[in-house]
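Only one structure is covered here, and it is reproduced in the block below.
The values are calculated or read from the model by the stated rules, or taken from the named source; none is laboratory data. This one's a predicted model, so the numbers in the text were calculated from it and none came from an experiment. Don't worry about glycine lacking a Cβ; one is built from the backbone with ideal geometry, like all the others, and counts go over all protein chains shown.
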Amino acid sequence: MKCYYDFHLHSCLSPCGDNDMTPYNLVNMAKLLGYDIIALTDHNTCLNCPSAIEAGKKAGIEVVAGMELCSSEEIHIVCLFPKLENALDFSDYVHNHIPPVKNKKEIFGDQLIMDGEDNVKGEEELLLTTASDISVDNVHSLVEGYGGVSFPAHIDRSSYSVISVLGAIYPELNFSTAELTPKADVEKYKRDFPLLNEMKIVHNSDAHYLENMLESEFTIELKECNAKSVIEYFK
């Protein structure tokens, strides 16, 4: 079945995310924009995924638990999981592999952990935008060990992308999918980086604010519009 998707969204738990980007708000905005399935992918954490999944069930939109991991090389990688428990276990692992740097709210903003009805449950004290000590070389196999899939984020950007850091995408990284921003010239990137011709390409918003969420445009063919089918698609 054809499903409208956005697999790269941030909530108010991401320090660069707006406080209005609550799990409830982003899920219901996604529904208004015509999406069938979305993923919540906060920086280096999955702690707002339970609330987003809860809100998604009430709104009638499928929510995949995910994360935007920052590797030790400062490459951003989207990680998606078939079940919430897999995502939370991975979140615990990553939490132990980021520097013990406290968030300075006056500089980086709040990092709010919410319930499914927009109530604040707590705040993450560690700064979530720092690089983990997990190398990009190990991300594919590590995430796979938690039942998930991963792909390099916004590879056409000039920072925090695999191309800007390494100069290319290498087959040794074992990624089968790559994310390009919605306005990227896909054919140009396929010419410049031939490995992309052998990979699936996705386009996501990477929205940190409600106003940055895009009208539904891109689709994928899934057996069903759910997390399990998403994982099967990207494997």
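At least 1 residues that are charged (D, E, K, R) and surrounded by fewer than 20 Cβ atoms within 10 Å (Cβ to Cβ) in each: list the strands (runs of 3 or more DSSP E) lying fully within the range 102-179 that qualify.
Details: elements: 112-114, 120-123, 149-152.
It comes to 120-123.
Going by the structure shown, is Asp6 part of a loop (DSSP other than H, G, I, E, B) and either in contact (Cβ under 8 Å) with a residue 40 or more places away in the chain or surrounded by 24 or more Cβ atoms within 10 Å (Cβ to Cβ) (or both)?
Details: part of a loop (DSSP other than H, G, I, E, B): no; either in contact (Cβ under 8 Å) with a residue 40 or more places away in the chain or surrounded by 24 or more Cβ atoms within 10 Å (Cβ to Cβ) (or both): yes.
So Asp6 fails the test.
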Query raised in the report: Can you name the residue in the range 15-38 that is within 20 Å of Asn86 (Cα to Cα) and touching a residue at least 60 places away in the same chain (Cβ under 8 Å) and is also surrounded by the most Cβ atoms within 10 Å (Cβ to Cβ) among such residues?
Result: Pro23
**Report entry** Restricting the range 181-210 to residues that are under 18 Å from the mean Cα position of the chain (by Cα) and of a type in the set (D, E, K, R), the residue that is surrounded by the fewest Cβ atoms within 10 Å (Cβ to Cβ)
**Finding:** Lys200
Report summary line: For the range 217-235, pairs from a residue that is assigned to a loop (DSSP other than H, G, I, E, B) to a residue that is aliphatic (A, V, I, L, M), with Cβ under 7 Å and 6 or more apart or across chains, are Leu222/Met1; Leu222/Val230; Glu224/Met1; Cys225/Met1; Cys225/Ile37; Lys235/Val149
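Check whether at least one residue in the range 52-69 is among the hydrophobic types (A, V, I, L, M, F, W, C), buried (at least 24 other Cβ atoms within 10 Å of the Cβ) and not in a strand (DSSP E or B), and report yes or no. Please lay out each step first, then the result.
Initial filter on the range 52-69 (among the hydrophobic types (A, V, I, L, M, F, W, C)): 52-53, 55, 59, 61, 63-65, 67, 69.
If we keep only those that are buried (at least 24 other Cβ atoms within 10 Å of the Cβ) as well, we get 52, 55, 63-65, 67, 69.
From the residues that got through so far, the ones that are not in a strand (DSSP E or B) too are 52, 55.
Taking every residue of the range 52-69 in turn, at least one turns out to be among the hydrophobic types (A, V, I, L, M, F, W, C), buried (at least 24 other Cβ atoms within 10 Å of the Cβ) and not in a strand (DSSP E or B).
Going by the conditions given, is Val202 within 20 Å of Ala30 (Cβ to Cβ), in contact with a Ser or Thr (Cβ under 8 Å, 6 or more places away or on another chain) and of a type in the set (Val, Ile, Thr)?
Details: within 20 Å of Ala30 (Cβ to Cβ): yes; in contact with a Ser or Thr (Cβ under 8 Å, 6 or more places away or on another chain): yes; of a type in the set (Val, Ile, Thr): yes.
It is true that Val202 is within 20 Å of Ala30 (Cβ to Cβ), in contact with a Ser or Thr (Cβ under 8 Å, 6 or more places away or on another chain) and of a type in the set (Val, Ile, Thr).
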Query raised in the report: For Gly145, all conditions in the list (1) more than 15 Å from the chain's Cα centre (by Cα); (2) touching a residue at least 24 places away in the same chain (Cβ under 8 Å) hold save one; what is the number of the exception?
Result: (2)
**Report entry** Unique residue being of a type in the set (A, V, I, L, M) and more than 23 Å from Phe175 (Cβ to Cβ) when the list is Leu84, Leu80
**Finding:** Leu84
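Quick check: anything in the range 66-87 within 20 Å of Pro23 (Cα to Cα), free of Cβ contacts under 8 Å to residues at least 40 places away in the same chain and either of a type in the set (Asp, Glu) or touching an Asp or Glu at 6+ places or on another chain (Cβ under 9 Å) (or both)? Spell out the reasoning first.
Here is the first cut: in the range 66-87, the ones within 20 Å of Pro23 (Cα to Cα) are 66-69, 78-87.
Those still in the list that are free of Cβ contacts under 8 Å to residues at least 40 places away in the same chain too: 67, 84-85.
Those still in the list that are either of a type in the set (Asp, Glu) or touching an Asp or Glu at 6+ places or on another chain (Cβ under 9 Å) (or both) too: 67, 85.
Within the range 66-87, one or more residues are within 20 Å of Pro23 (Cα to Cα), free of Cβ contacts under 8 Å to residues at least 40 places away in the same chain and either of a type in the set (Asp, Glu) or touching an Asp or Glu at 6+ places or on another chain (Cβ under 9 Å) (or both).
If a residue must be part of a loop (DSSP other than H, G, I, E, B) and modelled with pLDDT of 95 or more, how many such residues does the range 9-19 contain?
Step one: of the range 9-19, the residues part of a loop (DSSP other than H, G, I, E, B) are 10-19.
In the following step, the residues that additionally are modelled with pLDDT of 95 or more were identified as 10-14.
Within the range 9-19, residues that are part of a loop (DSSP other than H, G, I, E, B) and modelled with pLDDT of 95 or more number 5.
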Query raised in the report: Of the residues that make up the range 98-113, is at least one touching a Phe, Trp or Tyr at 6+ places or on another chain (Cβ under 8 Å) and either over 27 Å from Lys2 (Cα atoms) or of a type in the set (Lys, Arg) (or both)?
Result: no
